[in-house]
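Written out below as structure tokens is the structure these notes cover.
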Amino acid sequence: MPHTETDIAAMLDTIGAKHLDDLIAHVPAELRATATINLDPGRAESGVVGEISALAARNPGASGFANFLGAGYYRHYVPAAVRAVIARAEFATSYTPYQAEASQGTTQAIFEFQTLITQLTGLEVANASMYDGASAAAEAVLMARRLMPKRSVVALSRALWPEYRATIRTYLSALGGIEIVEVPFDETTGVTGAVALDRVANDRLLCTVTGYPNAFGIIEPLGTIAEMTHRAGGVAISATAEGIALGLLRAPGDLGVDIAVGEGQSFGLPLQFGGPGLGFMAARMTHLRQMPGRLVGQTKDRDGRRAFCLTLATREQHIRRERATSNICTNHSLCALAATVYLSLLGRVGLRDLAEQNVELSHRAVDVLEAAGIQRRFSGPFFNEFALRVPSPSMALEAAERKQILAGISLGNDYPELSDALLVSVTEMNRSDEFARLATAIANAEVR
């Protein structure tokens, strides 16, 4: 609540000031003259709610639209149990669980999240979560550099998500001696070009970063890429934006990947204007001490009971300062809890069934679109997202929106060489009858 005039006078008297302006008298007068915020007088709460509600009512909303948006964030059904558990007051806290005796619920939830991520990625150890998939990918590159400090070339697949590539560049911009090379994709299949990758696979190669699936929804030959990376002595990193795919695809660790990162938004987090996200990271046990972020371990208390606590915290910034493995010494606990509940509800079989449903629906959509004369841009195998060859994606999007369809995303904004490509995502939230509507809207736009 705001201070009363009496409160303010008492505080000013205590510190020996006459006016509030005395507290900022050291700021130049010309700056103070321009610093005034022209706010309306305070209003009653009911009036503010009424005005904001009226503004919100002017939005058309997308609830009645057929939605085919993806490109890194995906629309999946979130069970009510997920929302019920994460809404519990004991989980809604920013408190860092350093005191194990007061944090067993939180630390156990994080430990279970780490376990689930290791199972999905086929690797031996996972951290307590990162901010999002893009920052997790950047942290993985920094981790690779700590593992191999004498190497200098970072090979990014151009088919990796644009946001991921941009974030990696930002993280590496302050480091000297690092060369970032973008490996082009195959124009026909949409996978990372093997010949181009082979040209940079030498004794300078630090790491490769590959989307799995990639930004076009194509399933990369991850095993081949990891083998080429290892042959050159580098670190193989995979980045997965659509986590549901890991319920069906072969685990990155089984394909030879050293560090697997990704975005966990698909695991029980709704689309909330682009966030918050949930980064995950898993690696091999031999690389454990170079992992960034927080780790929860399982131990026993003095009575021999199973217990959980933060472990290997000496790697973190608040202890090692500039010698820390990373500047991140936190995690997205509430989002990780949502993912833990979501994955636990589905189970191994349920997650695979959901992934298969996504594959079946997306391929059914492609069949309908191709029957209408709309072809895929790439021939490579895909999960639940694919690029269409469309003469004018902007016209197609506008035509579809008039029919209450969010048809996808134009790839030309991030890939000028793909100005004729429209990226479409299909999940279990799409109905089969929506595919014909989408095909008709795009075909009519082409005719016009």
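For the reader, a short list of remarks on this structure follows.
- With only Cα atoms counted, the chain has Rg and Dmax values of 25.5, 82 Å.
- Overall, the accessible surface of the chain at a probe of 1.4 angstrom is composed of carbon and sulfur to the extent of 54 percent.
- Partner aspartates and glutamates whose Cα lies under 20 Å from the Cα of K300, excluding those fewer than 8 positions away in the same chain, are identified as E101, E112.
- Label-to-label distance for T286 and H19 is 7.1 nm, based on points extended 7 Å past Cα in the beta-carbon direction.
- For the stretch 101-245, the relative contact order is 22 percent, taking Cα pairs closer than 8 Å that sit 6 or more residues apart in sequence and dividing their mean separation by the residue count.
- Estimated FRET transfer efficiency when R0 is 30 angstrom, pair Q357-A81 (beta carbons, to 0.05): 0.95
- A viscosity of 1.002 mPa s and a temperature of 20 °C, combined with the Kirkwood radius over C-alpha pairs in the Stokes-Einstein formula, give the stretch 34-170 a diffusion coefficient of 103 µm²/s.
- Under the Karplus curve 6.51 cos²θ - 1.76 cosθ + 1.60, θ = phi - 60°, whole-Hz ³J(HN,Hα) for the stretch 191-202, x wherever Gly or Pro sits: 8, 4, x, 5, 5, 5, 5, 4, 5, 9, 7, 10
- Rolling a 1.4 Å probe over the heavy atoms of the protein chains gives the chain an accessible area of 49 Å² per residue.
- Fraction of beta bridges assigned by DSSP in the chain that are antiparallel (%, nearest 5): 55 percent
- For the pair H3 and R431, label points projected 7 Å from Cα toward Cβ lie 5.9 nm apart.
- Take every pair of alpha-carbon atoms less than 8 Å apart whose residues are at least six positions apart; their mean separation over the length of the stretch 131-215 yields a relative contact order of 42 percent.
- R32 paired with M11, simple spin-label distance in nm, labels 7 Å along Cα-to-beta-carbon: 1.8 nm
- Distance from the Cα centroid of the stretch 68-145 to that of the stretch 179-211 is 30 Å (rounded to whole angstrom).
- Sorting 194-207, 113-126, 230-243 by their mean Cβ neighbour count within 10 Å, with the most densely packed peptide first, gives 230-243, 113-126, 194-207.
- Sequence-separation-based contact order of the stretch 382-433, relative, with Cα cut under 8 Å and 6+ spacing, percent: 43 percent
The values are calculated or read from the model by the stated rules, or taken from the named source; none is laboratory data. Note that the coordinates shown come from a computational prediction; the quantities given were computed from them, not determined experimentally. Note: ideal-geometry Cβ built from the backbone for every residue, glycine included; neighbour counts use all protein chains shown. Just so you know, the surface numbers come from the protein's heavy atoms only, side chains and all, with ligands and any DNA or RNA stripped out. Shrake-Rupley method; radii C 1.70, N 1.55, O 1.52, S 1.80 Å.
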